[in-house]
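To start, the structure under review is shown below, and the notes come after it.
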Amino acid sequence: MNKTDIQIAICGSAGEGTIAAGDILRSALAGAGYRIIAFDAYPAEIRGFGKCVARLRVTTEQAYSLKEKSDVLVCLNDDHGIPHIGEVRDYGAVIYEEKSIVPLAEGAHVSAHILPGQVPYPVPIRELSERTTGAVRSRNMVVVGYIAGLFGLSREPFYKIVDAKFKNKGSVAVQNRKAFDAGYDLGAATFKLDDVQFGAPGEMFHATMLNGNAAVARGCLDAGIDTFFGYPITPATTIMEKLASEMPKRGKRLLQTEDEIAAIATTIGAGYTGARAATATSGPGLALMSEMLGLGVMAEVPSVVFVSQRGGPATGIPTKTEQADLNIALHGGHGDAPRIVIAPTNVDGCYRCAGKAFEMAERYQTPVIVLLDLYLSNRYETVALPAKSPFEADSDKPLAKQDLGAGYKRFAYTDDHVSPRALPGMAGGMHVVTGLEHNELGRVNEQPDVHEAMSRKRHEKLKAALSHPDFTVYKRFGDEGQVDVGILGWGSSFGECLEAMFLARREGIRCAALKVVMLSPFPVDAVTAFLDDCGAVLVPELNYQGQFAQLVQAETCRPVHRYNRVTGTPLRVEDIYAEVRRLALAATRKAA
Amino acid sequence: MAPQPIYLEEKLKEIQESGRLVYRSKAMPTWCPGCGYFSMVDGLPGALNDLGIAPKDTVVVSGIGCSSRFPFFVNTYGFHSLHGRALPVATGIKTANDALTVIVVGGDGDGFAIGGGHVPHAARRNIDITYLLFDNGIYGLTKGQTSPTSAINFHTTTSPYDNLDQPLNPLLMLLTYGATWVGQAYAGQPQQLEELMKEAIAHRGFSYLHILSPCVTFDKTDRTYVNLGELVCDMPPGHDTSNLSAAMALAMDTAHPALGVYYKTERATLADNFEEIVRRAAGDAAAKRATG
């Protein structure tokens, strides 16, 4: 069987249907049985000619990130396309508008920039769109058709997606099919000079294609979420949007609150009644939630907070990705306020972390923060989700009848430091929860021994999360035993770490990678053991300070090498590999 | 006719048999002697008892401040939350469990300074909770600073040259925010307060009871029992509680704070709307199944 590994980039202006073209292409190819990883870049403005780039990698084997070089580039727009010519590999295809909409000066046309070795495909995109649908709107469909025709892909999966996408829009589906066919026929008739080959998808990969936020929503629903509260913020909003349409179908409630403080306050209020409750936000919202999360810690109320990170402090760069909210997730807020923080590394992980977060919040009576970022929230992957929910419906510590009554101790000291909780409505369970320090009964108490004992209780109870059932706290990949270089990664950028590790091993470097999913409580023994196996350790992450590297060094007392970028875009596999190679060479030189 | 003597033993027996003591906790209130807030320690248990709402089905939610200590003094479920955040916490509780009677207790600083952003939204959503706001025009727990309802020229530690900021008019605000029950009581008239509490709790929807109260420790000049007692007055005869404009006109007359129900109306509650959304979603899902 022919292995397929093809990356397609589509470049255009906001409003030209660039992202929509990428969506149809990836959906159709996923429907045809290929595996997909796709990630789009777009500006903060809805219109206004900002640059949009849709990228998708189509494979028959599991891949973990996008590739540095694309095999196919489509330029819907000359201005935006030209800077991307360089990302096309030798013998790759550059598809572009043959007749630009406005007359262009010499050198402003894509054709003037195509590099030797790249194969140009000038296509009368606008003309075909106008001829078939009477409008320029369908240029993106012409291009999708052209790609399908040029590479000999079946029309059927594309028809299916077009029909589904424009089902409720009258004749639009028919119009788009016509534009697709026009592009397809021309592509199929074109003499193909590039060497991009789609192999058969082989064994059909039975999968759903989801982005990280949709996977989070699925995880919430499968975990039986009762209530959701949120305030719109990029890039977390689509979690709320998905749940807003799905939860009422299950008789569940979602409320858009007046701000993020209200979002976390309502979440904690609902959690206090025994409901499974969650909210979703980004860094600015998490900053506003910090005080209330401390109340969740103090009052020992379960809550789940999904945080999709974006770039920079203040308003920053809202439509770009970054991993710079690790510190606030771990430490945000005042006082000793321990909480559980987990960070999935791929779309499948988003689903699992979302569902498990509800179990953990309930089991350990604590806020649980699930850290995503824009790259993971918006990245599409084909994933095989379980048909039946793998999550516990109720993870509360059982409450014995005899505990209730006049002397009921809501905050009783126990062996596992978790106190069985009475819920409002239960006879004999009346108590007050408070943000003030309190004794076992929940009565305000500021005695030194009480504050120490309660602080210990709130910290120690979380340690059991490190062995939470059916949850991957960390995982090692690559060479076993002693290695030259180890890569330690977290969150969305771990895919690039993994691909860099594979590359290093292909180049003869003994290399392993460790992903850390649970960041608080920190799996210090496992990480220390990994560091001790490595000649040198590289910690790549998308923040300037090296927030994860700082955490690792503080927890393990071992030095690590940092690789930090804040470009607003995902890390590049080749850049991580270059660092790994540098460390491996330095070790060799030292040994010599 | 000379007033009938009240015998302590008989009165104690009457209170014990009334059932209202079930709602009282063993904790002693932390307020200063003479504080207007003692009126609610007696009033709320009386109101709940009369309405037959069991302690186990009641949640009293508060923020931070003198009045916000109240949950500790009743034997119901209680959530003593953060400064200004009682309303959203209560919203979460009521959203998750309709069967509970949720009562929010707070002060003027808690509700209209730090928590002011939440009030309009609780009111406009018409969530079926009761908001008891104790307004003494001062920050008592931090020992006497200016609040958003302090009078002009009020002298405090943070306004040593007197307060020059225009005070808020909470009654007028709540009327415009869309509260479906708005009333005013005075801590110095505890029997009327208890009756109004009862009516506010029984109201289906968001009810707001504004309670004028003195701070006997930090305010010796403005809202004293003597001054408030002279100011407060009865509802003008014939006041129509279904007339929003009349209610607003009454609320604007701050020189003569009338006690009683200003306005009440019926509107779909937040829970009604949640149910309507579930119905619409079910219809949508059924429609999809039929066509697809």
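The values are calculated or read from the model by the stated rules, or taken from the named source; none is laboratory data. These figures come from a predicted structure and were not determined experimentally. Backbone-built Cβ (ideal geometry, glycine too); neighbour counts: all protein chains shown.
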Among the residues of segment A:412-423, write down those that are surrounded by 15 or more Cβ atoms within 10 Å (Cβ to Cβ), out of contact with any helix residue (DSSP H, G or I) (no Cβ under 7 Å at 6 or more places or on another chain) and not aliphatic (A, V, I, L, M). A:SER419, A:ARG421
Need pairs with beta-carbon distance below 6 Å; first residue more than 14 Å from B:LEU212 (Cα to Cα) and within segment B:225-243, second among the aliphatic types (A, V, I, L, M); sequence gap 6+ or separate chains. B:MET235/B:ALA258; B:ASP240/B:ALA246; B:THR241/B:VAL261
Condition met for A:SER389 (polar (S, T, N, Q), closer than 24 Å to B:ILE64 by Cβ and surrounded by fewer than 17 Cβ atoms within 10 Å (Cβ to Cβ)): no
Candidates A:GLY22, A:GLY15, A:GLY107, A:GLY86 - the one that is surrounded by fewer than 23 Cβ atoms within 10 Å (Cβ to Cβ) and under 27 Å from A:GLY212 (Cβ atoms): A:GLY15
So is B:ASN75 surrounded by fewer than 24 Cβ atoms within 10 Å (Cβ to Cβ), within 7 Å of another protein chain (Cβ to nearest Cβ), polar (S, T, N, Q) and out of contact with any Phe, Trp or Tyr (no Cβ under 7 Å at 6 or more places or on another chain) or not? no
Breaking point among (1) within 22 Å of A:LEU374 (Cα to Cα); (2) surrounded by 24 or more Cβ atoms within 10 Å (Cβ to Cβ); (3) at pLDDT 95 or above, for A:LEU73: (1)
In segment B:90-110, is there at least one residue being part of a helix (DSSP H, G or I), farther than 23 Å from B:THR269 by Cα and in contact (Cβ under 8 Å) with a residue 60 or more places away in the chain? yes
Of the residues that sit in segment A:262-275 and are more than 7 Å from chain B (Cβ to nearest Cβ) and under 22 Å from A:CYS350 (Cβ atoms), which one is surrounded by the fewest Cβ atoms within 10 Å (Cβ to Cβ)? A:GLY271
Let me spell it out: the conditions are (1) of a type in the set (Ser, Thr, Tyr); (2) more than 10 Å from chain B (Cβ to nearest Cβ); (3) within 22 Å of the chain's Cα centre (by Cα), and A:SER290 meets all of them except one. Which number is the exception? (3)
Scan B:ILE211, B:ILE201 and give me the residue that is part of a strand (DSSP E or B) and buried (at least 23 other Cβ atoms within 10 Å of the Cβ). B:ILE211
When you look at A:ALA354, is it within 13 Å of the chain's Cα centre (by Cα) and among the small types (Gly, Ala, Ser), yes or no? yes
If we ask which residues in segment A:242-261 are within 8 Å of chain B (Cβ to nearest Cβ) and farther than 25 Å from A:LEU293 by Cα, their number turns out to be 4
Single residue of segment B:149-172 satisfying the filter (buried (at least 19 other Cβ atoms within 10 Å of the Cβ) and touching a helix residue (DSSP H, G or I) at 6+ places or on another chain (Cβ under 8 Å)) that is nearest to B:ALA247 (Cα to Cα): B:LEU171
Please name all residue pairs, on different chains or six or more residues apart, with Cβ atoms under 7 Å, provided the first residue is in segment B:30-55 and is over 21 Å from B:LEU100 (Cα atoms) and touching a residue at least 40 places away in the same chain (Cβ under 8 Å) and the second residue is β-branched (Val, Ile, Thr) and outside any helix (DSSP H, G or I). B:CYS32/B:VAL216; B:CYS32/B:THR217; B:GLY34/B:VAL216; B:CYS35/B:VAL216
Does A:VAL537 meet the test of being assigned by TED's automatic domain parsing to the domain that holds A:TYR563 and in a strand (DSSP E or B)? yes
Counting only residues that are more than 14 Å from A:CYS75 (Cα to Cα) and not basic (Lys, Arg), segment A:119-155 contains a total of 18
Expected output for segment B:276-287 (first residue farther than 19 Å from A:LEU255 by Cα, partner part of a helix (DSSP H, G or I), Cβ below 6 Å, 6+ apart or cross-chain) is B:ALA285/A:LYS249
So, A:GLY33, is that one out of contact with any His (no Cβ under 8 Å at 6 or more places or on another chain) and either within 20 Å of A:PHE158 (Cα to Cα) or part of a helix (DSSP H, G or I) (or both) or not? yes
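Yes/no matrix, rows are residues, columns are (1) touching a residue at least 24 places away in the same chain (Cβ under 8 Å); (2) closer than 20 Å to B:ARG85 by Cα; (3) part of a loop (DSSP other than H, G, I, E, B):
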site: B:TYR131; (1), (2), (3): yes, yes, no
site: B:THR142; (1), (2), (3): no, yes, yes
site: B:ASN153; (1), (2), (3): no, no, yes
site: B:ASN163; (1), (2), (3): no, no, yes
site: B:GLN166; (1), (2), (3): no, no, yes
site: B:LEU172; (1), (2), (3): yes, no, no
site: B:LEU175; (1), (2), (3): yes, no, no
site: B:VAL182; (1), (2), (3): yes, no, no
site: B:GLN192; (1), (2), (3): yes, no, no
Looking at segment B:28-71, which of the residues that are surrounded by 24 or more Cβ atoms within 10 Å (Cβ to Cβ) and more than 19 Å from B:ALA200 (Cβ to Cβ) is nearest to the other protein chains (Cβ to nearest Cβ)? B:ILE64
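Residue-wise test of (1) under 27 Å from A:VAL53 (Cβ atoms); (2) surrounded by 15 or more Cβ atoms within 10 Å (Cβ to Cβ).
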{"position": "A:ALA513", "(1), (2)": "no, yes"}
{"position": "A:LEU519", "(1), (2)": "no, yes"}
{"position": "A:CYS534", "(1), (2)": "no, yes"}
{"position": "A:PRO540", "(1), (2)": "yes, yes"}
{"position": "A:GLN547", "(1), (2)": "no, yes"}
{"position": "A:TYR563", "(1), (2)": "yes, yes"}
{"position": "A:TYR577", "(1), (2)": "yes, yes"}
{"position": "A:ARG589", "(1), (2)": "no, no"}
Tell me yes or no: at least one residue of segment A:207-224 is at the interface with chain B (Cβ under 10 Å from one of its Cβ atoms) and either of a type in the set (Val, Ile, Thr) or surrounded by fewer than 22 Cβ atoms within 10 Å (Cβ to Cβ) (or both). no
Yes or no: segment A:38-54 includes at least one residue that is at pLDDT 95 or above, closer than 14 Å to A:GLY199 by Cα and either in the same structural domain as A:GLY495 (by TED's automatic domain parsing) or not in a loop (DSSP other than H, G, I, E, B) (or both). no
Scan segment A:424-453 residue by residue and report those that are aliphatic (A, V, I, L, M), surrounded by 14 or more Cβ atoms within 10 Å (Cβ to Cβ) and either within 14 Å of another protein chain (Cβ to nearest Cβ) or part of a loop (DSSP other than H, G, I, E, B) (or both). A:MET426, A:MET430, A:VAL432, A:VAL433, A:LEU436, A:LEU441, A:VAL444
